[in-house]
1. I'm told Leu422 meets every condition in (1) closer than 20 Å to Ile566 by Cβ; (2) modelled with pLDDT under 90; (3) of a type in the set (A, V, I, L, M); (4) in contact with a Leu (Cβ under 8 Å, 6 or more places away or on another chain) except one. Can you identify the failing condition by its number?
2. For residues in the stretch 470-512 being more than 14 Å from Glu561 (Cα to Cα) and among the charged types (D, E, K, R), which is most open to solvent (accessible area, probe 1.4 Å)?
3. Name the single residue that is nearest to Glu416 (Cα to Cα) among those in the stretch 345-381 being of a type in the set (Ser, Thr, Tyr) and modelled with pLDDT of 60 or more.
4. In the stretch 60-113, what residues are among the acidic types (Asp, Glu) and modelled with pLDDT of 70 or more?
5. Do we find that Pro467 is of a type outside the set (Gly, Ala, Ser), within 21 Å of Arg358 (Cα to Cα), surrounded by fewer than 18 Cβ atoms within 10 Å (Cβ to Cβ) and at pLDDT below 85 in this structure?
6. Could you check, for the stretch 583-599, whether at least one of its residues is at positive phi and not in a helix (DSSP H, G or I)?
7. Restricting to the stretch 168-191, and then to whatever is assigned to a loop (DSSP other than H, G, I, E, B) and surrounded by 21 or more Cβ atoms within 10 Å (Cβ to Cβ), can you tell me which residue is modelled with the highest pLDDT?
8. Of the conditions (1) modelled with pLDDT under 85; (2) closer than 25 Å to Ser215 by Cβ; (3) assigned to a helix (DSSP H, G or I), Glu240 clears all except one; give me its number.
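The values are calculated or read from the model by the stated rules, or taken from the named source; none is laboratory data. Since this is a predicted model, take the numbers as computed values, not measurements. We place every Cβ from the backbone using ideal geometry, glycine too, and count neighbours over all the protein chains shown. Side chains are part of the model used for accessible areas, which takes the heavy atoms of the whole protein and leaves out ligands, DNA and RNA. Shrake-Rupley method; radii C 1.70, N 1.55, O 1.52, S 1.80 Å.
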Amino acid sequence: MGINISSSLSGNTRMSDGNSPDIHDEPVQKGVSPKGDKAEAKLEEAATTRNKIFNILDSLKNADDDDDEKKMAMARNGIFDILKDQDVWQDSSGKEGQQKVACFFELLQKYPSLAEELYPLGKFCNDPNRVHTSCEVMLRPLEQLILLQAPLPWIKKFCTEHPRSVVQRGSSTGLPPHVNMGLPLHLACERYSWTTKYSHHLILYLISTFPEAISIEADDGYLPIHKLLLHYSGDNNDRENISHLQEIIEVLVRAHPESIIKRVRFPWEAVSLVLCDRFDIRILECILRHVPNNVRRFNFSDIRAWDMNPAQCQCICQILFPRMESIDFSNSTNGEELCRAFFENVQNFAMLRNLDLRIPLHVVVGNMDTYAVGNMDTYALIKEGFRHLTNLKSLILSLYGECAQWERCQSFDMSEPLSLLLEGNNQLRTLIVKDCYRVIIQPDSILQPIIDNPDSSIQTLDIRCFPRNADITEILARLISVNKTNLEHLVLQHITFEPQPIFEALARNTHLKSLGLPNIGVSSSSANQGDTNDIVDDNDNDTGVFTSLSRTLQHYNATLEHVNWIDASFYDLEVLEYARIRHYTLLNRFGRARARSETCTCLDLIEMLDVVFRDDNLNRHKKMAILSVSYGLLREAPLRWCRTDR
């Protein structure tokens, strides 16, 4: 329940001043203080209430048997009078308190339906039978007993005699729009940190009477564990209190592990709630150990963890990460402590397959005056950690943060850690290193292992940290020329190269599907090639074929499906050259290599044309391209569809 009831239960907001709550009585005046300034007033009020309750019992015995409605109204008044007297329930050991409690249960025994009715809890009401307004809170007796901190034996007695009360959801009758109601278990969990020492026994008892409540949401979407964690104050983190809280959480998460990863405001709401200083680390350990076994992916954007302490970082890395196949740090801002904890435990991450890692920049960027390399201990952990990632299939690496004085910072070489990764891992398929200022990677350390290793599993290589304006024509041409590799997607930034050797390598390449290089195709000039102004060039003369990317695609390469012009805007491209590259890469996407094959039949060609006509993208945005692609494919294999005996 989301409303603060404590103010309604305080002395300044008592619901009655002791006058009879009969339906003909006048309402209590708003300015009257129920406490008074003398002890005699309080004693007189208690005596008046006691006499009213006993009078109600006598009236019920003497009333006519036919007047059931009047009996019900009198019993309701008596129950309401006892409920609103919080002193009765907080100190029921005295004779007077025991008498009132006995009357309470006697009335409910006579009229069991009253145990399921709603009773007002507010300072503007002293009559449970009148029509209530939206400013009042209406609760059932069990909910009021929980709020009144009634002794556990009385709550157990009530639940035993009225078992339906445990499964009834709180009603929104008379509640403000922001108040959310749930089961009694939700309310008990919400009030855990404010109630008496027996409160954890109360929660465990409510669970035992209705275990299904653990997986039932309140109106605001919260489960009982969320209510417990959200309202826990952490004011008393002694050994006993932590052990009680841990016992409750153990029962909740063991019975319903999915509650840990349930999304309310965040996908991992329960974990997000405990990642703060008011919770002992043992609570986080208890929750993480019960994460469902089918959960194999963890993304830091799924939790609210802006500033985890070192103990929390170690806890996550030691308990949760060894079970994960995919970890995404891309939205993490927890800095060096999380990075250190990850690499200190990386040898335990045998199941890890996909890693999106962010490393704090100050860890690897040093100072030019001292020639330091940031934090050498953390860097050594990172370098050694990459050696242990032998089962990794995808790595996306980025560095973030700022140095106080960029002009005094040296560029740092990340070649060695990545080289160790490539040497010890034959399963890596994706390697992406995002553009990181002041961090560089030597081309040979990444490209040469792929060229030398025929068993390299690299399919996607995207490096944007090469030394700026480095000429890598020779090694790049050798990489593209090798057809024994699995490389399909290649993106390199901040480099220079001679176009003709790269085009010659592309002519021999049969494995690349996408290519991204700085200004590729920008410098070509159709005027120097003797080309026509048509997109489709009918000239089969291959003179000067390696002077432009479009002519290389036209005559030789039938597998490249996408070209990305890195560091070039649309205005830098020649319109005709751009259109031709797009045309031939589109043909490649729809099977030009298959059409050129000697084994291609007329049925194969018909199947390819059918795919073209059914393509949603072409039909939605490029209907004219359907004719262009169809015509281009037919031109590639004329002998497959036209007869030669005519």
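1. Of (1) closer than 20 Å to Ile566 by Cβ; (2) modelled with pLDDT under 90; (3) of a type in the set (A, V, I, L, M); (4) in contact with a Leu (Cβ under 8 Å, 6 or more places away or on another chain), only one is false for Leu422: (1).
2. Selected residue: Lys484.
3. Tyr379
4. If the condition is that a residue be among the acidic types (Asp, Glu) and modelled with pLDDT of 70 or more, then Asp68, Glu69, Asp81, Asp85, Asp87, Glu96, Glu106 are the ones that fit.
5. Yes.
6. yes
7. Among those residues, the one meeting the criterion is Leu183.
8. It is condition (2) that Glu240 fails.
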